[in-house]
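J.: Pasting a structure below so you can have a look.
Only the coordinates and a few stated rules stand behind these numbers; no lab work does. Predicted, not measured: the structure shown is a model, and the values here were computed from it. When we count neighbours, we look across all protein chains shown, and the Cβ atoms used for this are built from the backbone with ideal geometry, even at glycine.
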Amino acid sequence: MYEKRRPLSKTNALITNLAVADLMMTILNIPFNILRFVLDNWPFGETMCKLVPFIQSTSVHCSSISMMFIAIERYRNVVGTVQDFRQFNQRKCWPHVRTLVLIWSLSVLLSIPHGLYNQLVSDRFLALTRCKVTYPSQQFRQWLTIFTLLSQYLTPIFITIICYMRIGLFLWRRRIVGTVSEGQRLSINRRKKRRIKMLFMVVLVFAICWLPLNVYHILSDFKFINYRSVLFFTVHWFAMSSVW
């Protein structure tokens with residue numbers, strides 16, 4: 001007889017979702033962004049001009065929000081009571097699906113402006129067509145930059161860090177109880193701490209990689225510095241490296 005498969009846990013579903021978002025960024029965004037910087041002419045049409053930045057924003061929002069939900073679920077698993085943990089493991093997949101739908105819906109909704117205001121701009125003198133972002137006004141651009149910084153970077157990372165700090169504090173103060181042997185308890189705690197460290201490292205890499213690009217957008221959009229293509233390409237490449 002075949003062993004009955006255990007339902008996919010919510011944390012594993014979120015980790016898989018995080019991997020899917022990173023894979024989507026790698027396949028559908030990074031190659032086009034490289035060509036966008038290298039080529040003088042945009043050869044892929046207006047649809048791709050709007051779709052590429054939209055996919056990028058959706059993928060990044062999905063990654064950061066997924067990391068936030070992973071931290072929340074890990075907090076519930078570690079800090080919650082034994083009864084809560086058993087109920088959590090016995091749930092079917094539908095709550096996972098609802099969570100994933102919520103994450104992707106939020107990511108798509110928050111990313112619409114990043115695709116909507118990209119369009120092809122023709123230079124008749126040079127006979128070139130470029131894919132450029134054209135916001136209604138500089139003030140709109142500044143507000144969108146602040147909003148994106150909060151929704152895609154600061155808020156998810158802040159909540160994630162708070163959850164992992166609470167988990168670490170709980171594990172540090174926790175007294176080991178139960179009927180299992182001392183070696184089993186230590187082994188279980190080591191596995192939990194190792195997984196938490198791994199997830200925290202994912203958040204740390206994401207935060208470090210995307211910090212320069214977010215800082216650049218703030219400084220550039222608020223006219224503290226002038227636009228510099230080489231600098232922008234460098235910080236943009238560094239941000240994309242978070243998925244490699």
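J.: Using per-residue counts of other Cβ atoms within 10 Å, averaged over each peptide, order 128-140, 146-158, 62-74 from highest down.
T.: Descending packing order for the listed peptides: 62-74, 146-158, 128-140.
J.: Along the Cα→Cβ direction, 7 angstrom out, place labels at R130 and L219. What is the inter-label distance in nm?
T.: Taking the simple label geometry, R130 and L219 are separated by 2.1 nm.
J.: Separation between the V230 and L102 pseudo-spin-labels, each 7 Å from Cα along Cα→Cβ, expressed in nm?
T.: According to this spin-label approximation, the distance is 4.7 nm.
J.: Which FRET efficiency value, to the nearest 0.05, do you get for Q142 and I34 by plugging their Cβ-Cβ distance into 1/(1 + (r/R0)^6) with R0 = 25 Å?
T.: Plugging the Cβ-Cβ distance into 1/(1 + (r/R0)^6) gives 0.35.
J.: For the stretch 10-243, just the Cα set please: Rg and Dmax, both in angstrom.
T.: Over the stretch 10-243's Cα set, Rg and Dmax evaluate to 21.3, 80 Å.
J.: OK, next. If the cut-off is a Cα-Cα distance under 29 Å, which lysines reach K10, setting aside same-chain residues fewer than 8 apart in sequence?
T.: Leaving aside lysines fewer than 8 places away in the same chain, those within reach of K10 are K92, K192, K193, K197.
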